[in-house]
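Structure record follows, encoded as C-alpha coordinates.
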Amino acid sequence: MSYLPISKRIAGYLSFQTGLSAEKEEIITYVIEVTLINLFNIINILFLGLLFDVLPAVITCLITVALLRHTAGGAHSNSPWRCALITAIVFLSISIAASYLAHIKQIYIDIMAIVAIAIGTFLTVRLAPVDSPSAPITSANRRKRLKCLSIIVIGFISVVIVLLRQSLWLHTQEVQVAIILSVLWTSFNLTHFGHLVMSHIDRLRNPKTKEVN
Amino acid sequence: MKKIINKLCYFSVTTMLFMASIIVTPTCFAWHYQPEVPKSLRK
(Lines give C-alpha, C1' and ligand atoms only; values in the text may rest on other atoms or scores of the structure.)
Protein backbone atom coordinates (compact mmCIF):
# COMPACT_ATOMS: atom_id res chain seq x y z
CA MET A 1 0.00 0.00 0.00
CA SER A 2 1.39 3.43 -0.89
CA TYR A 3 0.93 6.12 1.73
CA LEU A 4 2.70 9.40 2.40
CA PRO A 5 6.00 8.95 4.31
CA ILE A 6 4.72 11.19 7.14
CA SER A 7 1.62 8.98 7.66
CA LYS A 8 3.82 5.87 7.73
CA ARG A 9 6.24 7.48 10.19
CA ILE A 10 3.51 8.58 12.65
CA ALA A 11 1.75 5.21 12.41
CA GLY A 12 5.08 3.42 12.88
CA TYR A 13 5.80 5.42 16.03
CA LEU A 14 2.31 4.78 17.47
CA SER A 15 2.58 1.11 16.59
CA PHE A 16 5.98 0.85 18.29
CA GLN A 17 4.67 2.58 21.45
CA THR A 18 1.52 0.48 21.73
CA GLY A 19 2.63 -2.83 20.15
CA LEU A 20 0.04 -2.89 17.37
CA SER A 21 -0.27 -5.69 14.82
CA ALA A 22 0.74 -5.00 11.18
CA GLU A 23 -2.93 -4.99 10.13
CA LYS A 24 -3.90 -2.36 12.72
CA GLU A 25 -0.84 -0.29 11.86
CA GLU A 26 -2.03 -0.22 8.24
CA ILE A 27 -5.47 1.00 9.39
CA ILE A 28 -3.86 3.73 11.53
CA THR A 29 -1.70 4.80 8.54
CA TYR A 30 -4.85 5.08 6.41
CA VAL A 31 -6.67 7.19 9.03
CA ILE A 32 -3.66 9.51 9.43
CA GLU A 33 -3.36 9.85 5.65
CA VAL A 34 -7.07 10.70 5.21
CA THR A 35 -6.97 13.20 8.11
CA LEU A 36 -3.82 14.94 6.85
CA ILE A 37 -5.03 15.19 3.24
CA ASN A 38 -8.46 16.49 4.29
CA LEU A 39 -6.99 19.06 6.68
CA PHE A 40 -4.44 20.25 4.13
CA ASN A 41 -7.04 20.58 1.37
CA ILE A 42 -9.61 22.35 3.58
CA ILE A 43 -7.05 24.89 4.87
CA ASN A 44 -5.67 25.39 1.36
CA ILE A 45 -9.10 25.98 -0.21
CA LEU A 46 -10.34 28.28 2.58
CA PHE A 47 -7.14 30.32 2.37
CA LEU A 48 -7.50 30.68 -1.42
CA GLY A 49 -11.17 31.62 -1.00
CA LEU A 50 -10.19 34.32 1.47
CA LEU A 51 -7.38 35.53 -0.79
CA PHE A 52 -9.65 35.83 -3.85
CA ASP A 53 -12.57 37.21 -1.81
CA VAL A 54 -14.91 34.34 -2.73
CA LEU A 55 -15.15 32.64 0.67
CA PRO A 56 -18.96 32.04 0.70
CA ALA A 57 -18.79 30.39 -2.74
CA VAL A 58 -15.76 28.29 -1.78
CA ILE A 59 -17.46 27.05 1.41
CA THR A 60 -20.62 26.24 -0.58
CA CYS A 61 -18.57 24.41 -3.18
CA LEU A 62 -16.78 22.44 -0.47
CA ILE A 63 -20.00 21.36 1.27
CA THR A 64 -21.85 20.49 -1.98
CA VAL A 65 -18.99 18.48 -3.48
CA ALA A 66 -18.32 16.74 -0.15
CA LEU A 67 -21.99 15.75 0.20
CA LEU A 68 -22.22 14.41 -3.33
CA ARG A 69 -18.85 12.68 -3.52
CA HIS A 70 -19.37 11.05 -0.11
CA THR A 71 -22.24 9.05 -1.53
CA ALA A 72 -21.88 9.08 -5.32
CA GLY A 73 -18.07 8.89 -5.57
CA GLY A 74 -16.31 9.78 -8.83
CA ALA A 75 -13.02 9.97 -10.67
CA HIS A 76 -9.77 10.22 -8.72
CA SER A 77 -6.23 11.31 -9.28
CA ASN A 78 -3.32 9.00 -8.43
CA SER A 79 -1.35 11.54 -6.44
CA PRO A 80 -2.36 13.53 -3.34
CA TRP A 81 -0.42 16.59 -4.56
CA ARG A 82 -2.01 16.56 -7.99
CA CYS A 83 -5.35 16.13 -6.21
CA ALA A 84 -4.67 19.21 -4.08
CA LEU A 85 -3.80 21.18 -7.22
CA ILE A 86 -6.88 20.00 -9.15
CA THR A 87 -9.13 20.67 -6.14
CA ALA A 88 -7.70 24.17 -5.67
CA ILE A 89 -8.02 25.06 -9.37
CA VAL A 90 -11.53 23.60 -9.77
CA PHE A 91 -13.00 24.96 -6.52
CA LEU A 92 -11.49 28.38 -7.12
CA SER A 93 -12.67 28.48 -10.75
CA ILE A 94 -16.19 27.48 -9.70
CA SER A 95 -16.21 30.13 -6.97
CA ILE A 96 -14.89 32.92 -9.21
CA ALA A 97 -17.35 31.93 -11.96
CA ALA A 98 -20.14 31.93 -9.36
CA SER A 99 -19.24 35.42 -8.17
CA TYR A 100 -19.43 36.70 -11.78
CA LEU A 101 -22.56 34.75 -12.76
CA ALA A 102 -24.32 35.93 -9.59
CA HIS A 103 -25.08 39.21 -11.35
CA ILE A 104 -27.17 37.66 -14.15
CA LYS A 105 -30.98 37.64 -14.01
CA GLN A 106 -32.61 35.20 -11.55
CA ILE A 107 -34.49 33.50 -14.40
CA TYR A 108 -31.19 32.37 -16.00
CA ILE A 109 -29.97 31.05 -12.64
CA ASP A 110 -33.25 29.13 -12.33
CA ILE A 111 -32.76 27.61 -15.80
CA MET A 112 -29.17 26.67 -14.90
CA ALA A 113 -30.41 25.09 -11.66
CA ILE A 114 -33.05 23.00 -13.46
CA VAL A 115 -30.51 21.80 -16.05
CA ALA A 116 -27.87 20.99 -13.37
CA ILE A 117 -30.34 19.10 -11.16
CA ALA A 118 -31.71 17.19 -14.18
CA ILE A 119 -28.19 16.18 -15.30
CA GLY A 120 -27.15 15.41 -11.71
CA THR A 121 -30.21 13.24 -11.05
CA PHE A 122 -29.90 11.39 -14.37
CA LEU A 123 -26.20 10.60 -13.91
CA THR A 124 -26.62 9.71 -10.24
CA VAL A 125 -29.45 7.30 -10.98
CA ARG A 126 -27.51 5.74 -13.87
CA LEU A 127 -23.93 5.67 -12.56
CA ALA A 128 -23.69 6.21 -8.78
CA PRO A 129 -21.95 4.97 -6.73
CA VAL A 130 -18.70 5.18 -8.71
CA ASP A 131 -15.92 3.53 -6.71
CA SER A 132 -12.17 3.54 -7.31
CA PRO A 133 -9.58 0.74 -7.37
CA SER A 134 -8.21 2.11 -4.07
CA ALA A 135 -11.61 1.90 -2.35
CA PRO A 136 -13.72 -0.70 -4.11
CA ILE A 137 -17.34 -1.29 -3.06
CA THR A 138 -17.57 -5.04 -2.58
CA SER A 139 -21.05 -5.36 -1.07
CA ALA A 140 -24.18 -5.14 -3.23
CA ASN A 141 -26.15 -3.86 -0.23
CA ARG A 142 -23.70 -1.02 0.34
CA ARG A 143 -23.87 -0.14 -3.38
CA LYS A 144 -27.68 0.02 -3.20
CA ARG A 145 -27.61 2.10 0.01
CA LEU A 146 -25.11 4.55 -1.48
CA LYS A 147 -27.21 4.97 -4.64
CA CYS A 148 -30.29 5.74 -2.51
CA LEU A 149 -28.28 8.17 -0.39
CA SER A 150 -26.89 9.97 -3.45
CA ILE A 151 -30.41 10.44 -4.83
CA ILE A 152 -31.50 11.80 -1.43
CA VAL A 153 -28.52 14.19 -1.46
CA ILE A 154 -29.48 15.46 -4.95
CA GLY A 155 -33.04 15.97 -3.66
CA PHE A 156 -31.74 17.82 -0.61
CA ILE A 157 -29.58 20.08 -2.80
CA SER A 158 -32.60 20.88 -5.00
CA VAL A 159 -34.56 21.91 -1.90
CA VAL A 160 -31.68 24.12 -0.74
CA ILE A 161 -31.56 25.85 -4.16
CA VAL A 162 -35.32 26.52 -4.01
CA LEU A 163 -35.09 27.79 -0.41
CA LEU A 164 -32.17 30.05 -1.29
CA ARG A 165 -34.36 31.65 -3.97
CA GLN A 166 -36.53 33.08 -1.19
CA SER A 167 -33.58 34.36 0.82
CA LEU A 168 -32.61 38.04 1.03
CA TRP A 169 -29.00 37.33 1.98
CA LEU A 170 -26.38 39.34 0.06
CA HIS A 171 -24.55 36.28 -1.28
CA THR A 172 -27.64 34.22 -2.16
CA GLN A 173 -27.18 34.21 -5.93
CA GLU A 174 -23.44 33.57 -5.65
CA VAL A 175 -24.11 30.59 -3.38
CA GLN A 176 -26.87 29.30 -5.69
CA VAL A 177 -24.56 29.39 -8.74
CA ALA A 178 -21.75 27.77 -6.71
CA ILE A 179 -24.11 24.88 -5.83
CA ILE A 180 -25.20 24.54 -9.47
CA LEU A 181 -21.63 24.45 -10.80
CA SER A 182 -20.56 22.03 -8.04
CA VAL A 183 -23.40 19.65 -8.97
CA LEU A 184 -22.31 19.80 -12.62
CA TRP A 185 -18.67 19.18 -11.72
CA THR A 186 -19.49 16.23 -9.46
CA SER A 187 -21.83 14.76 -12.08
CA PHE A 188 -19.12 15.11 -14.72
CA ASN A 189 -16.77 13.18 -12.42
CA LEU A 190 -19.18 10.25 -12.42
CA THR A 191 -18.91 9.80 -16.19
CA HIS A 192 -16.36 7.87 -18.20
CA PHE A 193 -15.26 11.15 -19.76
CA GLY A 194 -14.58 12.53 -16.26
CA HIS A 195 -12.36 9.51 -15.56
CA LEU A 196 -10.54 10.03 -18.86
CA VAL A 197 -9.85 13.69 -18.03
CA MET A 198 -8.54 12.73 -14.58
CA SER A 199 -6.26 9.99 -15.96
CA HIS A 200 -5.08 12.44 -18.61
CA ILE A 201 -4.12 14.90 -15.85
CA ASP A 202 -2.34 12.03 -14.06
CA ARG A 203 -0.28 11.33 -17.17
CA LEU A 204 0.86 14.95 -17.57
CA ARG A 205 3.93 14.44 -15.36
CA ASN A 206 4.03 10.65 -15.38
CA PRO A 207 3.52 9.16 -18.87
CA LYS A 208 3.61 5.60 -17.45
CA THR A 209 0.48 6.13 -15.30
CA LYS A 210 -2.32 3.80 -16.30
CA GLU A 211 -5.90 4.93 -16.81
CA VAL A 212 -8.10 4.94 -13.68
CA ASN A 213 -11.04 2.55 -14.27
CA MET B 1 6.54 11.87 31.23
CA LYS B 2 7.01 8.52 29.50
CA LYS B 3 3.76 7.28 31.06
CA ILE B 4 1.84 10.31 29.76
CA ILE B 5 3.24 9.83 26.24
CA ASN B 6 2.34 6.14 26.38
CA LYS B 7 -1.23 6.94 27.49
CA LEU B 8 -1.53 9.55 24.75
CA CYS B 9 -0.37 7.00 22.19
CA TYR B 10 -2.97 4.45 23.38
CA PHE B 11 -5.67 7.14 23.32
CA SER B 12 -4.69 8.20 19.76
CA VAL B 13 -4.65 4.61 18.52
CA THR B 14 -8.09 3.86 20.04
CA THR B 15 -9.56 7.06 18.57
CA MET B 16 -8.07 6.35 15.15
CA LEU B 17 -9.32 2.76 15.08
CA PHE B 18 -12.79 4.09 15.92
CA MET B 19 -12.45 6.80 13.23
CA ALA B 20 -11.44 4.15 10.67
CA SER B 21 -14.89 2.56 10.79
CA ILE B 22 -16.52 5.97 10.14
CA ILE B 23 -14.04 7.18 7.54
CA VAL B 24 -14.41 4.05 5.42
CA THR B 25 -18.22 4.42 5.09
CA PRO B 26 -18.33 7.12 2.38
CA THR B 27 -17.39 6.31 -1.21
CA CYS B 28 -14.76 9.05 -1.19
CA PHE B 29 -14.11 12.53 0.14
CA ALA B 30 -14.55 15.94 -1.44
CA TRP B 31 -11.12 15.74 -3.06
CA HIS B 32 -9.78 13.93 -6.06
CA TYR B 33 -7.47 11.56 -4.26
CA GLN B 34 -8.46 8.40 -2.45
CA PRO B 35 -5.80 6.69 -0.33
CA GLU B 36 -5.83 2.91 -0.63
CA VAL B 37 -8.32 1.47 1.85
CA PRO B 38 -6.79 -1.40 3.89
CA LYS B 39 -8.22 -4.78 2.83
CA SER B 40 -9.66 -5.44 6.30
CA LEU B 41 -11.79 -2.27 6.04
CA ARG B 42 -13.20 -2.89 2.54
CA LYS B 43 -16.93 -3.58 2.35
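Data table
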read-out: Restricting the range A:169-203 to residues that are assigned to a helix (DSSP H, G or I) and hydroxyl-bearing (Ser, Thr, Tyr), the residue that is farthest from A:HIS76 (Cα to Cα); value: A:THR172
read-out: Hey, A:TYR13 facing another protein chain (nearest Cβ under 9 Å) and under 17 Å from B:GLN34 (Cβ atoms) or not; value: no
read-out: Complete set of residues in the range A:1-10 that are within 7 Å of another protein chain (Cβ to nearest Cβ) and of a type outside the set (Gly, Ala, Ser); value: A:MET1, A:TYR3
read-out: Subset tally (residues that are acidic (Asp, Glu) and closer than 26 Å to B:VAL37 by Cα) for the range A:107-155; value: 1
read-out: Qualifying residues in the range A:56-78 (those that are more than 7 Å from chain B (Cβ to nearest Cβ) and of a type in the set (S, T, N, Q)) - the one farthest from A:ILE119 (Cα to Cα); value: A:ASN78
read-out: Every residue from the range A:192-213 that is surrounded by fewer than 17 Cβ atoms within 10 Å (Cβ to Cβ) and at pLDDT 85 or above; value: A:HIS192, A:PHE193, A:LEU196, A:VAL197
read-out: First in the range A:143-168 and at negative phi and surrounded by 13 or more Cβ atoms within 10 Å (Cβ to Cβ), second anywhere and assigned to a helix (DSSP H, G or I) and of a type in the set (Gly, Ala, Ser), Cβ under 7 Å, 6 or more apart; value: A:SER150/A:ALA72; A:ILE154/A:GLY120; A:ILE161/A:ALA113
read-out: Considering residues of the range A:114-136 that are at pLDDT 85 or above and either outside the structural domain of A:GLY73 (by TED's automatic domain parsing) or of a type in the set (Gly, Ala, Ser) (or both) only, the residue nearest to the chain's Cα centre (by Cα); value: A:GLY120
read-out: Test: A:SER139 is hydroxyl-bearing (Ser, Thr, Tyr) and either in contact (Cβ under 8 Å) with a residue 40 or more places away in the chain or outside the structural domain of A:SER187 (by TED's automatic domain parsing) (or both); value: no
read-out: Close pairs from the range A:25-52: first hydroxyl-bearing (Ser, Thr, Tyr), partner not in a helix (DSSP H, G or I), Cβ under 7 Å, at least 6 apart; value: A:THR29/A:TYR3; A:TYR30/B:PRO35; A:TYR30/B:VAL37; A:TYR30/B:PRO38
read-out: Which listed residue, of A:LEU46, A:LEU20, A:LEU36, is in a helix (DSSP H, G or I), in contact with a helix residue (DSSP H, G or I) (Cβ under 8 Å, 6 or more places away or on another chain), crowded, with 16+ Cβ neighbours inside 10 Å and not assigned by TED's automatic domain parsing to the domain that holds A:ILE63; value: A:LEU36
read-out: Neighbours by Cβ (under 7 Å, 6+ apart or cross-chain): first from the range A:1-18, in contact (Cβ under 8 Å) with a residue 24 or more places away in the chain; second β-branched (Val, Ile, Thr); value: A:TYR3/A:THR29; A:SER7/A:THR29; A:SER7/A:ILE32
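Each row is one residue, and each column tells you yes or no for (1) buried (at least 19 other Cβ atoms within 10 Å of the Cβ); (2) hydroxyl-bearing (Ser, Thr, Tyr); (3) within 20 Å of A:ILE201 (Cβ to Cβ); (4) in contact (Cβ under 8 Å) with a residue 12 or more places away in the chain.
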| position | (1), (2), (3), (4) |
| --- | --- |
| A:ARG69 | yes, no, yes, yes |
| A:HIS76 | yes, no, yes, yes |
| A:TRP81 | no, no, yes, no |
| A:HIS103 | no, no, no, yes |
| A:ALA113 | yes, no, no, yes |
| A:ILE119 | no, no, no, yes |
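The values are calculated or read from the model by the stated rules, or taken from the named source; none is laboratory data. Keep in mind it's a predicted model, so treat the numbers as computed, not measured. Quick reminder, even Gly has a Cβ in these numbers, built from the backbone with ideal geometry, and neighbours come from all protein chains shown.
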